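Below: one structure, written as structure tokens.
The values are calculated or read from the model by the stated rules, or taken from the named source; none is laboratory data. Please read all numbers here as calculations on a predicted model, not as lab measurements. Methodologically, a virtual Cβ is constructed for each residue, glycine included, from the backbone with ideal geometry; neighbour enumeration extends over all protein chains shown. Accessible surface areas use protein heavy atoms only, side chains included; no ligands, DNA or RNA. Shrake-Rupley method; radii C 1.70, N 1.55, O 1.52, S 1.80 Å.
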Amino acid sequence: MNTPDVLVIGAGITGVTAALALAEAGISVEIIDRYGPAAMASGWTLAGVRQSGRDPAELPLAQAAVAVWRELDRRLEADTGYRQTGNLRLARTGAEVDTIRALVADQRAAGLSLDLLSDLADVRAIVPGLSDVVRAASWCASDGQADPVATVNAYLDMARKRGARASMGENVQELVVEGGRISRVVTDRRGLSPGAVILAAGTQVNALLKPLGWTIPLRRPVVTVLRSAPCEPVLSPVLGVANADMAARQEASGQLRVTSGAQDGDGPLIEREGRPVIRPVAQRVMETVATVSAVLPAFARVEIDSIWAGALDLTPDGLPVIDRLPGLDNLVVAAGFSGHGFGIGPVTGPLAADLALDHVPALPIEPFGIGRFAIDIAPAPLTMHG
Ligand SMILES: Cc1cc2nc3c(=O)[nH]c(=O)nc-3n(C[C@H](O)[C@H](O)[C@H](O)COP(=O)(O)OP(=O)(O)OC[C@H]3O[C@@H](n4cnc5c(N)ncnc54)[C@H](O)[C@@H]3O)c2cc1C
């Protein structure tokens, strides 16, 4: 098949959910990834599935995504590790208490059910092992977590079952424009002429957009991630903090997976055994251990199984781009998820698929237009994690 109706570039959560939506609609679809499924952010991620702390523009997507997550294992005939264990966002200082209080009021007004836990005893009723630096928290019981690699693979497997073709280890090098359309896609192996293209290339999106005269103004800060060996159950929900300088969850295996905040610096991407790698920095690792252990002292005693770093595709307003590229009818961009694109993945790929098929998107996507970057936007605070 050299001419799929739709070609999806990138097999992260965004690309695989788009591919399945298209395959289920009976569209011939091919998905290409330079490295393989979940090779970048969708593998590096913490993988919290949260609605709390979302920008109002993203909240409808996050709420719709939770409805999809609840049915996902059955639909994909696989174990995605999704568990609706809740999200606790902690306040450690007076200023953070104010932040959490405002967050709860705003999000309730926007229609999300979440509570303010204003003393430590209430927070410890959910996570007994928290230290006494914690002063308050928001609690969203309908948030959750999943296994990111299992989820991406489950989507990809089902897309294949539904007829999608997956070409892994193939690098898209150029999108060729003719007559206001992408007429040809050139990879390191061949040329293709799909009817439409969905570009879901995460942090790498601008490499293919720039030659077309567009760039998404992305910063690519790095997040340090540590994963422990399996240990005693200490953490049921996903933990975040008001200023987003750490997050944590305990996987079904018992392994604690903890992340730093976004750390400035564009960590160089290298390749190791055919996979993209950003090397973690020792100072950042030590800071992450200290920050996490200060709220969850049990973390200081665990055995560390692995450490890695992951880059974010952070836009100026912290919102993604889900849009057709102006002037190019058959190119849809879905990128810039700014540190919180995993949880909403089950709806963002299908929204990109709607655009590729010229359907009215199933959810409001006006805030995610690429044209908004033509004007100056004040940088948004980072709200990733969980
Ligand atoms: C450390 C960390 C913690 C996070 N925590 C959370 C969280 O708790 N909750 C949450 O919702 N989100 C979280 N995020 C964000 C979330 O993981 C990402 O927003 C999401 O995974 C992005 O998915 P994607 O498919 O858009 O991009 P990616 O997963 O990066 O996928 C892009 C794919 O495109 C491929 N590609 C790129 N260029 C080419 C090319 N030229 N040819 C072929 N293939 C190409 C890459 O190989 C890659 O596989 C976190 C991110 C990180 C890094």
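Within the range 176-196, can one find any residue that is within 22 Å of the chain's Cα centre (by Cα) and more than 21 Å from Gly345 (Cβ to Cβ)?
No; the residues of the range 176-196 include none that is within 22 Å of the chain's Cα centre (by Cα) and more than 21 Å from Gly345 (Cβ to Cβ).
Assuming Thr259 fulfils every condition listed in (1) away from the ligand (no atom under 12 Å from the Cβ); (2) in contact (Cβ under 8 Å) with a residue 40 or more places away in the chain; (3) under 26 Å from Asp143 (Cβ atoms); (4) open to solvent by less than 20 Å² (accessible area, probe 1.4 Å) apart from one, which condition is it?
It fails just one condition, (1).
Cβ-Cβ under 6 Å, sequence separation 6+ or interchain: first residue in the range 341-359 and in the same structural domain as Asp329 (by TED's automatic domain parsing), partner of a type in the set (D, E, K, R). Which pairs?
Close Cβ pairs satisfying both conditions: Gly343/Arg50; Leu355/Arg324.
Residues in the range 275-288: is at least one surrounded by fewer than 18 Cβ atoms within 10 Å (Cβ to Cβ) and within 11 Å of the ligand (Cβ to nearest atom)?
yes
If you go through the range 129-137 one residue at a time, do you hit one that is among the charged types (D, E, K, R) and not assigned by TED's automatic domain parsing to the domain that holds Ala102?
no
Kindly list the number of the only condition in (1) open to solvent by 10 Å² or more (accessible area, probe 1.4 Å); (2) touching an Asp or Glu at 6+ places or on another chain (Cβ under 9 Å); (3) within 24 Å of Gly310 (Cβ to Cβ) that fails for Arg50.
Looking at each condition in turn, Arg50 falls short on (1).
Out of all the residues in the range 11-65, which are more than 10 Å from the ligand (Cβ to nearest atom) and assigned to a strand (DSSP E or B)?
Hits for the range 11-65 are Val29, Glu30.
In the range 182-219, which residues are touching a Gly at 6+ places or on another chain (Cβ under 7 Å) and open to solvent by 30 Å² or more (accessible area, probe 1.4 Å)?
Within the range 182-219, Arg184, Leu218 qualify.
When the residues of the range 155-196 are filtered to those that are polar (S, T, N, Q) and within 12 Å of the ligand (Cβ to nearest atom), which remaining residue is nearest to Trp214 (Cα to Cα)?
Gln173
Given the conditions (1) open to solvent by 20 Å² or more (accessible area, probe 1.4 Å); (2) within 12 Å of the ligand (Cβ to nearest atom); (3) outside the structural domain of Arg34 (by TED's automatic domain parsing), and given that Met246 satisfies all but one, which numbered condition is not satisfied?
It fails just one condition, (1).
Of the residues that make up the range 370-386, is at least one touching a Ser or Thr at 6+ places or on another chain (Cβ under 8 Å), outside any loop (DSSP other than H, G, I, E, B), at pLDDT below 95 and open to solvent by 20 Å² or more (accessible area, probe 1.4 Å)?
Yes.
Does Ser228 satisfy the criteria of being over 19 Å from Gly318 (Cβ atoms) and part of a loop (DSSP other than H, G, I, E, B)?
Judged against the criteria, Ser228 is not a match.
In the range 320-342, which residues are within 26 Å of Gln263 (Cβ to Cβ) and in contact with a helix residue (DSSP H, G or I) (Cβ under 6 Å, 6 or more places away or on another chain)?
Pro320, Val321, Ala334, Ala335, Phe342 - these are the residues of the range 320-342 that are within 26 Å of Gln263 (Cβ to Cβ) and in contact with a helix residue (DSSP H, G or I) (Cβ under 6 Å, 6 or more places away or on another chain).
Determine whether the range 107-129 contains at least one residue that is of a type in the set (S, T, N, Q), over 25 Å from the mean Cα position of the chain (by Cα) and not in a helix (DSSP H, G or I).
yes
Between residues in the range 79-95 that are more than 13 Å from Val133 (Cα to Cα) and assigned to a loop (DSSP other than H, G, I, E, B) and residues that are among the charged types (D, E, K, R) and open to solvent by less than 10 Å² (accessible area, probe 1.4 Å), which pairs lie under 6 Å by C-beta distance while being six or more apart or on different chains?
Pairs found: Gly86/Asp143.
Quick one: in the range 262-274, which of the residues that are in contact (Cβ under 8 Å) with a residue 24 or more places away in the chain and within 12 Å of the ligand (Cβ to nearest atom) is surrounded by the fewest Cβ atoms within 10 Å (Cβ to Cβ)?
Gly274
Between a first residue in the range 288-315 that is under 19 Å from Gln263 (Cα atoms) and without any contact (Cβ under 8 Å) to a residue 40 or more places away in the chain and a second residue that is away from the ligand (no atom under 12 Å from the Cβ) and open to solvent by 20 Å² or more (accessible area, probe 1.4 Å), which pairs have beta carbons less than 6 Å apart while being 6 or more apart in sequence or on different chains?
Every condition considered, the pairs that remain are Ser293/Ala300.
Looking at (1) in contact with a Pro (Cβ under 8 Å, 6 or more places away or on another chain); (2) modelled with pLDDT under 95, which is the one condition that is false for Gln255?
Gln255 satisfies every listed condition except (2).
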